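The values are calculated or read from the model by the stated rules, or taken from the named source; none is laboratory data. Being a predicted model, the structure only gives us computed values, none of them experimental. In this analysis, Cβ positions are derived from the backbone assuming ideal geometry, glycine residues included, and neighbour counts consider all displayed protein chains.
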Ligand code: GLA
């Protein structure tokens, strides 16, 4: 997608000129299922974007066209309410709703949306559409954008309007991503720090091309299991507020209080937070060997303790792990399908792609998509030079 193509699309649908914004999808390098436990995450924005062209309307309507769904809808800005059914419009309308709930005056707008992030692949196409539309609506109405507030409101839109109880990682990195860097986020304080990626190691994303229906119900079940863990541990350690506050030692001491399952879920979250800290140190020292080990351990913990992997993700990681030049591989995102993230030495990337694709196809009958992406900038306005 180029800004000119987007503008052409907008003009054909709505006439006249428009401002252009784009927000990225993401991969998470490490720190999975830790965000809603007040923990640490280390995602990077990628060069796959959701684009939004926007222009003011004189009335109070939002007209939104999706290039991907070939559909236009029109809604009154002042009477938005959470919908009963799943629909792509819930994401952009949810953001308008959340901005209005937060007291932001918005003007009516025509919006043309085009997404290039593969949908349902765990690369956060939903956060990208929320953040692109939120930033565009604020810009169009003349507001300064506070990126942390925008990330929070986009998360609120997804929690309360779309109805998915996600954490804040995806929206936050779509707002704050930076080229050549991963983003360390403390999901309690929302403090963040950029972590420089090594130029000779590339981010390679392998799409298993499966998405299991379990994803959203099991996501909610994991959240509930973490809450149960906190509740039971809180009876002994009243000072803890989230799994973030629990040490492995404390958890092990209370093993008898928890079911086998809840114990394992808590162990994943606690060890994963520690792995994020170690990964940041390893990046700092350029110690890619440790980084690789941490990623493999993260995958095992997600597979065995948190039980959010699936056979296709496990196979993709297994195949990747046998390739020359692989630093580390693990599932990325919520799980139950979607993508793996692989750190691969730059010189080995072409062979890696070819070999992994061939072996995955021959063992599953599925044709995987493999993307190589530098870490990218967060949401921004794109000004077309004449
Ligand atoms: C999804 C959610 C995130 C996060 C991950 C798991 O991507 O949107 O908030 O919980 O799963 O790390």
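If we keep just the residues of region 1-20 that are part of a loop (DSSP other than H, G, I, E, B) and touching a residue at least 40 places away in the same chain (Cβ under 8 Å), which is farthest from the ligand (Cβ to nearest atom)? Before the answer, list the steps.
So in region 1-20, the residues part of a loop (DSSP other than H, G, I, E, B) come out as 1-2, 15-18.
Among the residues that remain, those that are also touching a residue at least 40 places away in the same chain (Cβ under 8 Å) are: 1, 18.
On the way: 1: 23, 18: 29 Å.
Checked region 1-20; the qualifying residue farthest from the ligand (Cβ to nearest atom) is 18.
Residue-wise test of (1) free of Cβ contacts under 8 Å to residues at least 60 places away in the same chain; (2) over 22 Å from residue 186 (Cα atoms); (3) crowded, with 19+ Cβ neighbours inside 10 Å.
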{"residue": "264", "(1), (2), (3)": "yes, yes, no"}
{"residue": "268", "(1), (2), (3)": "no, no, yes"}
{"residue": "272", "(1), (2), (3)": "no, no, yes"}
{"residue": "297", "(1), (2), (3)": "yes, no, no"}
{"residue": "300", "(1), (2), (3)": "yes, yes, no"}
{"residue": "303", "(1), (2), (3)": "yes, yes, yes"}
{"residue": "310", "(1), (2), (3)": "no, yes, yes"}
{"residue": "314", "(1), (2), (3)": "yes, yes, no"}
{"residue": "318", "(1), (2), (3)": "yes, yes, no"}
Residues of region 331-371 satisfying the condition of being out of contact with any strand residue (DSSP E or B) (no Cβ under 6 Å at 6 or more places or on another chain) and closer than 28 Å to residue 221 by Cβ:
333, 334, 335, 336, 338, 364
I'd like the full set of residues that are within 16 Å of residue 382 (Cβ to Cβ), touching a strand residue (DSSP E or B) at 6+ places or on another chain (Cβ under 8 Å), surrounded by fewer than 24 Cβ atoms within 10 Å (Cβ to Cβ) and modelled with pLDDT of 95 or more, limited to region 7-17.
7, 9
Residue that is more than 30 Å from residue 357 (Cβ to Cβ), within 16 Å of the ligand (Cβ to nearest atom) and under 15 Å from the mean Cα position of the chain (by Cα), where the choices are 152, 188:
152
If I ask for residues that are surrounded by fewer than 24 Cβ atoms within 10 Å (Cβ to Cβ) and more than 11 Å from the ligand (Cβ to nearest atom), which ones from region 21-39 would you list?
38
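Might you let me know whether region 37-60 holds any residue that is in a loop (DSSP other than H, G, I, E, B) and within 30 Å of residue 273 (Cα to Cα)? Lay out the reasoning, then the answer.
Step one: of region 37-60, the residues in a loop (DSSP other than H, G, I, E, B) are 38-39, 57-60.
If we keep only those that are within 30 Å of residue 273 (Cα to Cα) too, we end up with 38-39.
Yes.
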Give me the residue from region 232-244 that is in contact (Cβ under 8 Å) with a residue 12 or more places away in the chain and in a helix (DSSP H, G or I) and, out of that set, surrounded by the most Cβ atoms within 10 Å (Cβ to Cβ).
243
Do we find a residue being at pLDDT below 95 and either part of a loop (DSSP other than H, G, I, E, B) or surrounded by fewer than 22 Cβ atoms within 10 Å (Cβ to Cβ) (or both) anywhere in region 179-200?
yes
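Among the candidates 46, 64, which residue alone is over 20 Å from residue 294 (Cα atoms), in contact (Cβ under 8 Å) with a residue 12 or more places away in the chain and either out of contact with any strand residue (DSSP E or B) (no Cβ under 9 Å at 6 or more places or on another chain) or away from the ligand (no atom under 16 Å from the Cβ) (or both)? Give the steps one after another, and end with the answer.
Numbers: 46 fails: either out of contact with any strand residue (DSSP E or B) (no Cβ under 9 Å at 6 or more places or on another chain) or away from the ligand (no atom under 16 Å from the Cβ) (or both).
Only one candidate passes the filter, namely 64.
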